[in-house]
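Asks: This is the structure, below, for whatever I ask next.
Only the coordinates and a few stated rules stand behind these numbers; no lab work does. All values reported here derive from a predicted model rather than from experimental measurement. Positions of Cβ are backbone-derived with ideal geometry, glycine not excepted, and every protein chain shown enters the neighbour counts.
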Amino acid sequence: MEKRVLFRSAWLPWVLLAPQLAIISIFFFWPAGQALVQSFQMQDSFGFSKEWVGFDNFRDLFQDPGYLASFKTTAFFSILVAVSGITLSLILAIFADRIIKGAMVYKTALLLPYAVAPAVAGVLWMFMFSPSLGVVAYMLRQAGFDWNHMLNSDHAMALIVIAAVWKQISYNFLFFLAGLQSIPKSLIEAAAIDGAGPWRRFWSIQFPLLSPTTFFLLVINVVYAFFDTFAIVDATTQGGPGRDTAILVYKVYHDGFKAMDMGGSAAQSVVLMVIVVVLTVIQFRYVEKKVQY
Amino acid sequence: MASLSFRNIIKRYGHGPKANQVIHGVNAEVKDGEFIVIVGPSGCGKSTLLRMVAGLEEISGGELRIGDRVVNNLEPAQRDIAMVFQNYALYPHMTNFENMAYGLKIAKVPKDEIQRRVDKAAKILELSHLLERKPRELSGGQRQRVAMGRAIVRQPQVFLFDEPLSNLDAKLRAQTRLEIQKLHRELGITSLFVTHDQVEAMTLAQRMIVMNAGNMEQFGTPEEVYHTPASTFVASFIGSPPMNLLKNAPGVQAGTILGIRPEHLDVTTGDGWAVTVETVELLGAERLIYGRIHGEQIIVRVEEGAHAPAPDTVIHVQPRGDRLHSFNAETGKRM
Amino acid sequence: MVERSPYLTAFSHLIMVLGVIIVGFPLYLAFVASTHTAQDIVQVPMPMVPGSNFWQTYHDALFGGGTGAGSTAPVARMMWVSFVTAIVITVGKIAISLLSAFAIVYFRFPFKGICFWLIFITLMLPVEVRIGPTYQVVSDLGMLNSYAGLTVPLIASATATFLFRQFFLTVPDELVEAARVDGAGPMRFFKDILVPLSRTSIAALFVIQFIYGWNQYLWPLLVTTSEDMYPVVIGIKRMLAGGDAGNEWNIVMATALLAMLPPAVVVVLMQRWFVKGLVDTEK
């Protein structure tokens, strides 16, 4: 899309773009290029010798059960986070849409998790679920359920999912509410006149019209689950027990900075880059086009 | 105030063989202080022409002069012009005062002089009580006046109006038209006014440029354009209902088109052309008889009390001899 | 809605209240915990109403007087680091993006398309996918353990540029033309007209970027090793020494609440603008 009216200057646009271009060259493209190069190399732990190994790092990666497990974990984690997050927020948004009195209060209250850092969210939920002194853990034990996320992988996964979803509720809720409020009232009234009750109206009118929003949030939530949840994992389980909650981005960090496997970590970075590219392309291609009314 | 000179002005989009030429050589000399209307249907190039005078579009060929200066390569701010836009183009976050003062502020005019000019313009346009408000608080007509005020305070050599009345409702349009006329009488600044409405053109213009598909079809006073249209296009564009253009009427030679306005056809008892009536429109002050003659449509205007013939009857009409126009059937030009 | 059924309305309120409780419960608990002593909390179940240790806990948190097994660094210093980082990222990003978006939308120049795509691609490179080599660059430039290292690598990604670009495309062409006729050059137009008109987008971005900057975790984790350059979100993690009993949970919770305060204040203050800006422009 271009404006009809454009300024003409040989040098000004370059001056304006210079800061951004300079920074992205130094801190984006150069490192990304480095990651690419490093992923084809094998380094000893002191970084003194490098040898070119072609796709070896990648082959090792995809044959490494640890990595494949991490992939599965991440996929599982992100689906859970996306689906639960979207469902819960949708429910809240539907009922919020019906309320006129007190809407502002509810909205403000529901917005608060957005202001909580993922790391802090992790700490909060860990406090509540701590096997020895957590309030919720206590209540679960009273109900006969032996909660221990330090030993039980499923519990650990549940913990990070809950913390991650809790954080995302605000964001999803805002978008769903806006989506619902942009549906013309006349459509709903027409359906009501036609005899459709609220439950039916929701499924045949509101839900379909919300599908661009839903799809958009699906992509956003998956990206969030892949990348923005590092802090939650680090604060709560550190990828444990063992490596059972080591999502991909956590593994990159661990392998690169704790285990000092630069080549492997770089290869993992490259794989992540490919995933992000695919997700972003999907987002722009399908979502931006569809949300164009 | 200054004269305006168009010498073979051409506008082209793109380069080389795929270039699209949209204005094909406009030549016109506008006198100092004249109010010129550029009129034509959508897409004829009138706005493009105006924007070339403003400096918002590049001039692909020819020479444009304001006063003695050739201004082809000058920025808008250097041409000493002011413009009133169709959608007002007022800066929404500034007060009306600031909107009018903005151009002067940039030109570093001293503050008391700015105050003086804005107050004076506001007085002429009856906006003095609205100066501290923002544009969104005003009605469409008021906003247009602020836009005009912004143009006036610049005291330019040329005023440019780009369809300023199109966004107003009918009543407001008529009112604002009168205000523009009044303004021109008082300030006497050379003005170019673009519109697609031939009524606006006829009422406002001292002279008008009639444009069609990038060509200047005629440049003359409203009288000239109405009484001696230079082409079939001008003939049918100016005047409502439009002039009848007939190939098959009796007495029309091969290769020519006969033009006669509906108001210049008289209904007779037996002489003249035989017209088969299709329908009659009763318009209060007049009546329009739509009919067919030798397969072509013809419109006849009659007085309010005149007899309204029934459909499918045949009436006879006599054209007034001194009101006939002849056009070349191929070129459309007046002969 | 359509039916005025009181049952439905009451039910809706019920759901909303439930939602608020679920969402707010961790925060409430954190507050309660921060007002007790560590010993009170370790006794299971911990009390559900606030205690009387408020001032002591917060004092220990802010000024580092605790005796926990984990880090006991003063939170006040960490809050300051977080604050400076967030503000620098926010202001820097907004300024850079305004200029870049302006260049891309309002000028014609060679290689414009390429520049646009270069910036677009950075959307696909969040810091998490390039941590190793970016750390290398920062280290080589001597920017470790500094505000520069914490902020500059995060300051130029494309989200803000795109937001502004979308917005600029909706500004009517006639305003630019009127400004040109009035004699305004490009930078004058930018300063007097475009930026004032962008107020809502700038406000929305301010909130988003402030929170983004404040919440940064992975990057500061790598780039800072000295305690006095830790942002508060790192500090809070370091307070946990694994093994629950050793931690002073009351201080940890106090820190959590302190860490939440500035972003919450920013969100609540700018709520009106923020919600409108976020949804309108993301779409």
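Asks: Calculate the spin-label point distance for B:His15 paired with B:Gln115, positioning each point 7 Å from the Cα along the beta-carbon direction, and give it in nanometres.
Replies: For B:Gln115 paired with B:His15, the spin-label model returns 5.3 nm.
Asks: Which value results when the Cα radius of gyration for the range B:168-222 is divided by 2.2 N^0.38 Å? Walk me through the numbers before you get to the answer.
Replies: Values: Rg = 12.2 Å, N = 55, 2.2 N^0.38 = 10.1 Å.
The range B:168-222 yields a ratio of 1.21.
Asks: Using a 10 Å cut-off around each Cβ of peptide C:161-172, what is the average number of partner chain Cβ atoms that fall inside?
Replies: Going residue by residue through C:161-172 and averaging, the value is 1.
Asks: Name the long-range amide H neighbours of B:Glu217: under 5 Å, sequence gap of 5 or more, or other chain; modelled H, no Pro or chain starts.
Replies: B:Val210, B:Met211, B:Asn212
Asks: Another question, then. Which semi-axes, in whole Å and largest first, does the equivalent ellipsoid of the range C:1-146 have when worked out from the alpha carbon gyration tensor as the square roots of 5 times its eigenvalues?
Replies: Its equivalent ellipsoid spans semi-axes of 44, 32, 14 Å.
Asks: Consider just the alpha-carbon atoms of chain B and return their Rg together with their Dmax, both in angstrom.
Replies: Rg then Dmax for chain B, in Å: 23.7, 76.
Asks: I need the phi-derived Karplus couplings for the range B:66-79: 6.51 cos²θ - 1.76 cosθ + 1.60, θ = phi - 60°, integer Hz, Gly and Pro marked x.
Replies: 10, x, 9, 8, 7, 10, 3, 9, 8, 5, x, 5, 8, 8
Asks: Quick one: which residues, 5+ away or cross-chain, put their amide H under 5 Å from the amide H of B:Met83? H built at 1.01 Å from N.
Replies: B:Leu160
Asks: Just how large is the dipole of chain C about the Cα centre, in debye to the nearest 20, putting +1 at every Lys and Arg Cβ and -1 at every Asp and Glu Cβ?
Replies: Its charge dipole is roughly 640 debye.
Asks: Using a 10 Å cut-off around each Cβ of peptide A:220-233, what is the average number of partner chain Cβ atoms that fall inside? Don't jump to the answer; show the numbers that get you there.
Replies: Values: counts 1, 0, 0, 1, 0, 0, 3, 5, 6, 1, 7, 8, 1, 0.
Partner Cβ neighbours, averaged per residue: 2.
Asks: Suppose R0 equals 35 Å; then what is the FRET efficiency for C:Phe54 and A:Asp56 from their Cβ-Cβ distance, rounded to the nearest 0.05?
Replies: Values: r = 59 Å, r/R0 = 1.67.
Working from the Cβ atoms, E equals 0.05.
Asks: Let me ask something else. Given the range B:1-52, report the % of alpha carbon pairs whose separation exceeds 19 Å.
Replies: That fraction is 35 percent.
Asks: Right, next: For the protein assembly as shown, place one equal point scatterer on every Cα, skip the solvent, and apply the Debye formula. What is log10 of I(q)/I(0) at q = 0.05, 0.06, 0.07, 0.08 Å⁻¹?
Replies: The Debye formula, applied to the Cα set alone, gives -0.45, -0.61, -0.77, -0.90.
Asks: Continuing with this model, one more query. Taking B:Lys31 as the anchor, which lysines have their alpha carbon closer than 25 Å to its alpha carbon, excluding any fewer than eight residues away along the same chain?
Replies: Cross-link targets: B:Lys11, B:Lys46, B:Lys182.
Asks: How large is ³J(HN,Hα) for each residue in the range C:259-266, as worked out from phi by the Karplus curve 6.51 cos²θ - 1.76 cosθ + 1.60 (θ = phi - 60°), to whole Hz, x for Gly and Pro?
Replies: Running phi through 6.51 cos²θ - 1.76 cosθ + 1.60 with θ = phi - 60° gives 5, 7, 4, x, x, 4, 4, 4 Hz.
Asks: Points 7 angstrom from Cα along the Cβ direction at B:Asp266 and C:Phe111: gap in nanometres?
Replies: It is 8.0 nm.
Asks: Sticking with the crude label model, points 7 Å out along Cα→Cβ, report the distance from C:Ala10 to B:Arg292 in nm, one decimal please.
Replies: 7.5 nm
Asks: If you count, for each residue, the other Cβ atoms within 10 Å and average over each peptide, how do C:94-101, C:111-118 line up from highest to lowest?
Replies: Most protected by this proxy first, the peptides run C:94-101, C:111-118.
Asks: Treating the beta-carbon of each Lys and Arg as +1 and of each Asp and Glu as -1, no other charges, what is the dipole magnitude of chain A about its Cα centre, to the nearest 20 debye? Each step should come with its number before you reach the end.
Replies: Details: 20 positive and 17 negative charges, 243 e Å.
Computed charge dipole of chain A: roughly 1160 debye.
Asks: Taking θ = phi - 60°, what integer Hz values does the Karplus form 6.51 cos²θ - 1.76 cosθ + 1.60 yield along the range A:132-139, in sequence order, with x for Gly and Pro?
Replies: Each residue of the range A:132-139 in turn: 8, 9, x, 5, 5, 4, 4, 4 Hz.
Asks: Among the lysines, which fall within straight-line cross-link reach of B:Lys247, defined as a Cα-Cα distance under 30 Å, with same-chain neighbours fewer than 8 residues apart omitted?
Replies: Cross-link targets: B:Lys333.
Asks: Given the peptides B:309-316, C:120-127, arrange them by the average over their residues of other C-beta atoms within 10 Å, most packed first.
Replies: C:120-127, B:309-316
Asks: Of C:Ser12, C:Ser34, C:Ser139, which is the most mobile in a GNM of chain C whose springs link Cα atoms less than 10 angstrom apart?
Replies: Of C:Ser12, C:Ser34, C:Ser139, the most mobile in the Gaussian network model is C:Ser12.
Asks: What does the convex hull of the alpha-carbon atoms of the range B:221-291 project to on average, in nm²? Don't jump to the answer; show the numbers that get you there.
Replies: Working: hull surface 23.8 nm².
Spelled out: convex hull of the Cα atoms, projected over all directions, averaged, 5.9 nm².
Asks: Let me ask you something else. Report, to the nearest 10°, how far helix B:111-124 tilts away from the longest principal axis of the Cα atoms in chain B, using its own Cα long axis and a range of 0 to 90°.
Replies: Between the helix axis and the principal axis of chain B, the angle is about 30 degrees.
Asks: How many Lys pairs in chain C lie less than 28 angstrom apart by Cα atoms, where the lysines are 8 or more positions apart or on different chains?
Replies: 9
Asks: While we're on this one: Among B:Phe159, B:Leu178, B:Leu192, flag the residue with its Cα farthest along the positive direction of the charge dipole of the range B:158-204, charges on Cβ as +1 for Lys/Arg and -1 for Asp/Glu.
Replies: B:Leu178
Asks: Quantify how strongly other chains surround peptide C:94-102 by giving the mean number of their Cβ atoms within 10 Å of each of its Cβ atoms.
Replies: Mean shielding count: 4.
Asks: Between B:Arg207 and residues 5 or more places away or on another chain, which pairs have amide H atoms under 5 Å apart, with H built 1.01 Å from N, and which residues are they?
Replies: Placed amide hydrogens put B:Phe35, B:Val37 under 5 Å from B:Arg207.
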